[in-house]
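S.K.: Have a look at this one.
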Amino acid sequence: MPFHAIPLLAVAIVGVAVATAFQPAAAEEPAQDRVRLLDGSEIRGEITDMSPNSLTLETKDGSSSVSIEAVREVRFGGEPDGLRDARTLVLRRDGTAALAELETIDADELREADAEIRDDVSFVKAAATALQALATGTDLARGQKLAADFVAAHPRSVHLYAMQELLGDLLAAQGRPVDAARAYDALAGGPPAVAVRAATRKADLQFREGRFAEAQRGYEAAAKAAAGIKGKAGLRSVRQADLGRARCLISQERAADAVAAVSAILAGDDADAATLGGVFNVLGAAQRALPGHEQDALIAFLTVDLVHNEVAEDHAEALFNLVELWEQVNFPERAREARQALETTYPQSPWTKRLRPAKAS
Amino acid sequence: MVFRALGLAFFGLSALPPAFAESNLERSSAALLDALAERQMPDAMLWVIDRARVDDSLSADFRATLPFRRAEALIGLSRTEGDAARRAALLDDAARSLDAFLEGHPSGDQAIAAYTQKGNLLIQRGLGAIEQSRRPGQDATQLGNAAIGFFERAVACLKGSVTPDQKQIAAVTTAEDAVIKELRGIDEQIAAIKPPASGKAPAEGKAAEGKAKSAKPPPRLSIAQQKELDRLEELQQKYRGQLLSTRILVGAALYEKSKAFPAGSKESAATLAESTEIFKTIAEKYAATAATAAAYSRFYWGRNLAAAGMHEQAAEVLAPLLAIDGRSPVAVALRAKAVNTSLECWLATAAAAKDPATARRILERLDDGLRGFVLTPAERLPGRRLDAEWLALKFRAATALDELAGRLAPPERNARLVLQRDARKLAIEVAVANRDFSKEARDLAARLGKDLPADAGADRSVAAIVADARVAFTAFQEKQAVVKQLQASGRVAEAEAAATSAAADRDAAIAAVERAVAAGAEADSPADVAAVNSARVMLAYLMYEARRYEEAAAIGGLLMEQHPNAVGSRQAARVALASLQQLAAQAPPGTAQTARATLAACAESMVRLWPAEAEGADAWSVLLNAAIEAHDAAGIVSRIDAFPKDSPRRPEFILRAATALRREAQEARRSAAESKPDDAVIKGWNAAARAALDDGLAALPAAAPPAGQSARVVLSAALARGQMALEDGDRETVTRILEHPVYGPWAAVERGDPAVLQGPLAETTLTVALRHFIETEQLDKAQRAMEALEKAAGTGDESSAKLSAMYLAMGRDLQAQLESLGTGSQADTPEVRDRARRILEGFEKFLEGVSKRDPKTSSQIWVATTYFTLGSGTGTGAVVPKPKAEQYLDQSAAAFGRLLARQDDPQAAAAERADIASFEPSIRLKIAGIHRARGRWDEAQEQMDWLLADSRRQNSLDVQLQAADLLEAAGKAAAAAGDSSRADTLLREAAAGRTAPPIVAWGWSGIATRLSRQAFAGVDDKAAKAREMFFDARLHVADTLLARARLGGSGPDREKRLDAAKTAIAMTRKLYPDLGGDAFQHRFEKLLKAIQREQGAAAPGGFAQLDAESASPASP
């Protein structure tokens, strides 16, 4: 074989290298409390007061009060990195990973931390345990106990409603819809968007029991109530109710209507990125229910897998559907990759358990 | 490799930035397209794009970006397209899409992305044209010119036209101009925020000091301003990087263009110089501010010089790159490139050096540090494998070290051995990779292996020994490939010589691999265990090739059981399976049985280990074959149930299994009563076969009919299912199956599938189709089926007989179907009668048509034989009324008669008359049979006498049996009619034979005599059949005597004949005590009792009475 040069191999690498060479260094952040809001903005300062309904910060511009329904995340200045990462994982509903992340927190560091940080560790631990139980369907009672203990021990926590909702979820998963509804009722005392959430979650209970028409009415009522709430929180509540309604339509063999409902959500420019995974999953489910729309369904689930994969449950659901759809349209290698991603990333997920048994290698 | 030219666009530009506010769907779709591009899923990108193009909910702005996305997807598709013409078409389509996008005059990042993408694409097209020009039979000049055109267009698309002093950029038409425009915009924005630096240099001395103190500090920026400045500076760096990337791409296009010109031409040199100048400028100008881009440009600069034959200068330019110390993939890759090109230069300059000392000094530039670098094992490289760059690098390094070793003085023996050892190690690495330079590396390794003493400090690790063995193994494989090529091209003598040489290489490889396996016997590190297992895989294969099947099976079995997850274990298991199959087929009976048991165990292990993989499917196939060969219907059912549901080979497997199962069910139904399974069991097998056939056929891909061997399996299965439906009277299913576009046997006939044109499958397909079309009165198709059947019978001497046999078989199937209808539990229901009537009507109509319009002998024979089968079925009474049956028989006789008459028809062709003449005996035998069935004894006898008048036909056992049977039947009929005299004559002739020259009939007694020798000569099937006919004939002898005794009323003749009948039985029993078995004993005793009854015994004692009589003293 004659010698020959390899002329263009490096061109792509040059591009990467050039770009990397010009990356500016990141600036160091001061240790302030940070409240991240649903609209993507952030308030920095010192948190001076917290309650289930609101929190107050002293910022350089003065005192500022924020309703809890507008808050996505609260970060405390000086909190351990492990706590921040674990909380992020809880927001992605990945309880198992969050618990593993909590293990990285140094016990001595925690002992010396502020009470709010220690309380937040308790919250993250209880929430992660609850999410892990919900994801795997095991240890539900233990999750329920930790959630109930947190609610009892921290009646003024900013996380009270979130934990109350998880408590309802755990009860629902144990087949106790009446107790679950009672737990959700506690949300009714919160700010408007939280109160609407109570209605949505109770409709979820009806959906779970197969009472699709009643659930649909519940979602529609919740959406109507949420329509009057201003800001991102109201919009988010409307979207959640709309999504529930779309699920009901699929279950009532009105998949085309469900596609139209979800398309309306997607036509807007206001969806919270974290919720889009769920939206595309419902779109994919609706399209799967329509004969001849396998490619549309694939696109929807691929969007979750490759773009909106932040929330573990949504991602697992999409991967499960991709395994089946790739097999259906005769792409076995892609099906195998999706299966591998599901099995390795979410080994305990109920979606993984729904897969056919893994083949021997 | 050439596709990587497009990588830049994918890196920097695939994330096409939005130029408008996006909806949730638009944002998500754009991100999805980016992700799909990154994942290299261009087909899915096209799905998204195609949907987006027609989605009204998406904005016009978003849809305007789709042509760019489409181009990106098409370029992605072109990467995996193997066909050069289709690849070019995809790229052309992509270019059109990019042009459509550019027509919208995009700006900013979108313009940069589009122009760069297009430039890259044109480079790709140019490279494709050059690649094509190197193929034999291509017009190299024309393609070279086309390539030059592509590269020129690429440069025009990439290279900027804006000069530094040009203030305004009115219209952007190139990637570089688009970047410059953005960069200038950013520079202006930065300048607007940042205060301008003081233009004057500070003065010297105290005055200057005072001035400096009084100078105003630059105004402090607000946080927002600082943030904006940070953002802009970040963008500035990005665009500066893009500017350099674009210029490098221009240089690359020019370099490729220079190669497209004739070598050594002025144009080539000028273009190469232009390219070199670009790289040189970047390398020198940006060494401090953009070090990586400058380093790469330095490499291209050196490479260009090397390409121009300026090896010394190239080596000097590249020298700084040889010392790159970084371990990042980018640093390692760049250093490898630089060392590779440097080696090329050193080898060239050393070869041209006038004195050995200079050459040695040049080669010594490959110093210890570089030697360590080139010896980096593949697993430690960033990609964990040797790519083309590294293979070239290692081989060149091996060559350089070898040459250097050759230039060392004799006292430097140790240094030389070290160099040779390293050279050999490198050569083995390249040879084992079996890609670029493998042959040259193998030769070098082999030569160095001979030069090096055994104790030369060579690496004797297990991995090294296995690598050595692999070299020998690969050498054998290459020889083997040559043998196959020679055989395929019909060069027999050369193939034989090559085969002998290959066998020697194989034995050498076996020795080498066995050494490797022995060396690794105690290996415990994972790497060594993996190496020795790979040697075992080779050994299993080599042993199989050497026909040492037991050893091959043992090695393959060991790997499968002990290292099932090792690389190559599956392959080895397949070798074991194939070896055991050979042993089972070839070994002596005892050994073969053991091999069969081992084969089954091996297959069971494989299905356990790899149930749904290809290896498991092979093993399942072996297990199924075993069940089929053993006629183990239950075993077949269990294999169908156990075969993995998700295996892609399930449809073919279950179709094969179900076809065999149906055959077993049919055989079982036809088997003798004592060995016949319960009807419920057979029904269960049929149900399982039906379900599996339905599942298997439904699971076949809907795209196209199967081809090759699987076509035969699929068509056989479909045929079996069609036959089942035909038996069930399910005409819709028969039609659906036969005419299914993918697997339908009749559809296959219609499209001329070779699998159903000739052979048993064709014959069964056509007879089944013919039956179905006749039954459903699709007479045109029936006619086509008949014609196809005639073609299937061929044109040789045997074709007529073959065709007749096929028609006869079809008639028998039809008869069996009618019998099944006539004897089933629903036999007497109106539904069954109606079904039978429709079948008969269909046949009548078709037969009538054929008999009138198709005078061919074969067609007329078919008409006659089918009428015959319709009229002579023994169990069809319930569905074919007697008058109808008699009518069919008469129609059959008439058809046969017409055939015989054609012999004397002057209008018939000579060939046809000859054809009929050859069939005349069998036609007359058939006619005789029909007349016998219709009680027309004289007519039957007339035909029989014609047959018996010829001395050759007199020796036909079939004819003699039918003749004796006819005489006996005619005699008994005459007796029944009261014509004792005629009856006596006929019965006597039936027993003793008839001789009226030239007619000779043996009679039952003569038949028995002629059969006796053969009947008791052996134990084979033929002897058994003869024995059966012998005892049957002896029974008839006694029976005719009894019949004759009954004619005479009372008197001595009667007694005499009864005694003779009894004696016939007694003698037979004395000579052959078992009388041919239980069934015959029963028949003989029954006849004996009838005789004894005629002799006056009120309670005849049969054999016991016979024995008692023979034991008592004779009467006085």
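The values are calculated or read from the model by the stated rules, or taken from the named source; none is laboratory data. Note that this is a predicted model, so its numbers are computed, not measured. All Cβ positions, even for glycine, are placed from backbone atoms using ideal geometry, and neighbour counts span all protein chains on display.
S.K.: Look through the stretch B:982-1034, keep the residues that are of a type in the set (S, T, N, Q) and either closer than 16 Å to residue B:966 by Cα or surrounded by 23 or more Cβ atoms within 10 Å (Cβ to Cβ) (or both), and return whichever of them is modelled with the lowest pLDDT.
M.R.: Only one residue tops the list, namely B:995.
S.K.: Which numbered condition trips up residue B:56, out of (1) away from chain A (no Cβ under 14 Å); (2) over 34 Å from the mean Cα position of the chain (by Cα)?
M.R.: (1)
S.K.: Output the qualifying pairs, or none if there are none: Cβ atoms under 6 angstrom, residues six or more apart or on different chains, first residue in the stretch B:257-283 and of a type in the set (Ser, Thr, Tyr), second residue part of a loop (DSSP other than H, G, I, E, B).
M.R.: B:268/B:261
S.K.: I'm trying to understand the selection: among the residues of the stretch B:434-446, which are buried (at least 21 other Cβ atoms within 10 Å of the Cβ) and in a helix (DSSP H, G or I)?
M.R.: Scanning the stretch B:434-446 gives B:441, B:442, B:444, B:445.
Conditions tested, residue by residue: (1) touching an Asp or Glu at 6+ places or on another chain (Cβ under 7 Å); (2) outside any helix (DSSP H, G or I); (3) within 28 Å of residue B:330 (Cα to Cα).
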| residue | (1), (2), (3) |
| --- | --- |
| B:372 | no, no, yes |
| B:385 | no, yes, yes |
| B:395 | yes, no, yes |
| B:404 | yes, no, no |
| B:411 | no, no, no |
| B:416 | no, no, no |
| B:426 | no, no, yes |
| B:431 | no, no, yes |
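S.K.: Filter the stretch B:131-167 for residues that are assigned to a helix (DSSP H, G or I) and under 35 Å from the mean Cα position of the chain (by Cα); which is surrounded by the fewest Cβ atoms within 10 Å (Cβ to Cβ)?
M.R.: It comes out as B:131.
S.K.: So, one more: Do we find that residue A:328 is polar (S, T, N, Q), more than 11 Å from chain B (Cβ to nearest Cβ) and free of Cβ contacts under 8 Å to residues at least 24 places away in the same chain in this structure?
M.R.: no
S.K.: Another question about this same structure. Checking residue A:135 against (1) under 29 Å from residue A:347 (Cβ atoms); (2) modelled with pLDDT of 90 or more, only one condition comes out false. Which one?
M.R.: (2)
S.K.: Does residue A:264 meet the test of being more than 10 Å from chain B (Cβ to nearest Cβ) and in a helix (DSSP H, G or I)?
M.R.: no
S.K.: Quick one: residue B:462 ticks every box in (1) more than 26 Å from residue B:523 (Cβ to Cβ); (2) at pLDDT below 80; (3) of a type in the set (Val, Ile, Thr) bar one, so which box is it?
M.R.: (1)
S.K.: Related question: Kindly indicate the residue of the stretch B:56-80 that is among the acidic types (Asp, Glu) and in contact (Cβ under 8 Å) with a residue 24 or more places away in the chain and also nearest to residue B:24 (Cα to Cα) among those meeting that condition.
M.R.: B:61
S.K.: Just to be sure, is residue B:579 of a type outside the set (Phe, Trp, Tyr), more than 24 Å from residue B:638 (Cβ to Cβ) and buried (at least 22 other Cβ atoms within 10 Å of the Cβ)?
M.R.: In short, yes.
S.K.: Quick one: how many residues across the stretch B:613-648 are more than 19 Å from residue B:556 (Cβ to Cβ), buried (at least 18 other Cβ atoms within 10 Å of the Cβ) and at the interface with chain A (Cβ under 10 Å from one of its Cβ atoms)?
M.R.: 2
S.K.: With over 22 Å from residue B:29 (Cα atoms), at pLDDT below 95 and either more than 12 Å from chain B (Cβ to nearest Cβ) or crowded, with 16+ Cβ neighbours inside 10 Å (or both) as the only criterion, which of A:252, A:240 stands out? Write out each step before concluding.
M.R.: On the way: A:240 fails: over 22 Å from residue B:29 (Cα atoms).
Only one candidate passes the filter, namely A:252.
S.K.: Counting only residues that are under 28 Å from residue B:885 (Cβ atoms), give me the helices (runs of 4 or more DSSP H) lying completely in the stretch B:901-1015 with at least 3 of them.
M.R.: The qualifying helices (runs of 4 or more DSSP H) are B:910-933, B:937-948, B:957-976, B:980-992.
S.K.: Scan the stretch B:99-126 for residues that are crowded, with 24+ Cβ neighbours inside 10 Å and either among the small types (Gly, Ala, Ser) or more than 14 Å from chain A (Cβ to nearest Cβ) (or both) and jot them down.
M.R.: B:101, B:113, B:114, B:115, B:118, B:119, B:126
S.K.: Select from the stretch B:101-135 the residues that are hydroxyl-bearing (Ser, Thr, Tyr) and in contact (Cβ under 8 Å) with a residue 24 or more places away in the chain and write down the one among them that is farthest from residue B:62 (Cα to Cα).
M.R.: As a first pass, look at the stretch B:101-135 and keep what is hydroxyl-bearing (Ser, Thr, Tyr): B:107, B:115-116, B:133.
Checking the rest, the ones that are also in contact (Cβ under 8 Å) with a residue 24 or more places away in the chain come to B:107, B:115-116.
Numbers: B:107: 14, B:115: 19, B:116: 20 Å.
Of everything passing the filter in the stretch B:101-135, B:116 is farthest from residue B:62 (Cα to Cα).
S.K.: Next question, about the same structure. Filter the stretch B:242-276 down to the residues that are within 10 Å of chain A (Cβ to nearest Cβ) and either touching a Lys or Arg at 6+ places or on another chain (Cβ under 6 Å) or over 21 Å from residue B:292 (Cβ atoms) (or both) and list them by number.
M.R.: Within the stretch B:242-276, B:256, B:259 meet the criteria.
S.K.: Consider only pairs whose beta carbons are under 6 Å apart and that are at least six residues apart or on different chains; among these, list those whose first residue lies in the stretch B:301-319 and is within 14 Å of chain A (Cβ to nearest Cβ) and whose second residue is surrounded by fewer than 24 Cβ atoms within 10 Å (Cβ to Cβ) and not in a helix (DSSP H, G or I).
M.R.: B:303/A:5
S.K.: Related question: Sort out which residues of the stretch B:518-535 are over 14 Å from residue B:572 (Cβ atoms) and of a type in the set (Gly, Ala, Ser), and write them in order of number. Give the steps one after another, and end with the answer.
M.R.: Looking only at the stretch B:518-535, we keep the residues that are over 14 Å from residue B:572 (Cβ atoms), and these are B:518-529, B:531.
Scanning the stretch B:518-535 gives B:518, B:519, B:520, B:521, B:523, B:525, B:527, B:531.
S.K.: Among the basic types (Lys, Arg), touching a helix residue (DSSP H, G or I) at 6+ places or on another chain (Cβ under 7 Å) and at pLDDT 90 or above: which single residue out of B:194, B:159 fits that description?
M.R.: B:159
S.K.: What is the residue count in the stretch B:322-345 for residues that are surrounded by fewer than 17 Cβ atoms within 10 Å (Cβ to Cβ) and modelled with pLDDT of 90 or more?
M.R.: 0
S.K.: So, one more: State all residues of the stretch B:537-550 that are more than 13 Å from residue B:598 (Cα to Cα) and among the charged types (D, E, K, R); if no residue qualifies, say none.
M.R.: Those that are more than 13 Å from residue B:598 (Cα to Cα) and among the charged types (D, E, K, R): B:545, B:547, B:548.
S.K.: Which ones in the stretch B:346-380 are of a type outside the set (Val, Ile, Thr), over 21 Å from residue B:442 (Cα atoms) and crowded, with 17+ Cβ neighbours inside 10 Å?
M.R.: Matches in the stretch B:346-380: B:346, B:348, B:350, B:359, B:360, B:363, B:365, B:366, B:370, B:373.
S.K.: From the list A:333, A:317, exactly one residue is within 12 Å of chain B (Cβ to nearest Cβ), out of contact with any Leu (no Cβ under 9 Å at 6 or more places or on another chain), in a helix (DSSP H, G or I) and of a type outside the set (Val, Ile, Thr). Which is it?
M.R.: Going through A:333, A:317 in turn, just one is within 12 Å of chain B (Cβ to nearest Cβ), out of contact with any Leu (no Cβ under 9 Å at 6 or more places or on another chain), in a helix (DSSP H, G or I) and of a type outside the set (Val, Ile, Thr): A:333.
S.K.: Test residue A:243 against the stated conditions and say whether it is touching a Gly at 6+ places or on another chain (Cβ under 8 Å) and of a type in the set (A, V, I, L, M, F, W, C). Show your work before the answer.
M.R.: Working: touching a Gly at 6+ places or on another chain (Cβ under 8 Å): yes; of a type in the set (A, V, I, L, M, F, W, C): yes.
Considered against the rule, which asks whether it is touching a Gly at 6+ places or on another chain (Cβ under 8 Å) and of a type in the set (A, V, I, L, M, F, W, C), residue A:243 comes out as yes.
S.K.: Of the residues B:1038, B:1026, B:1043, B:1090, which single one is of a type in the set (A, V, I, L, M) and out of contact with any helix residue (DSSP H, G or I) (no Cβ under 6 Å at 6 or more places or on another chain)?
M.R.: Criteria check complete, one pass: B:1090.
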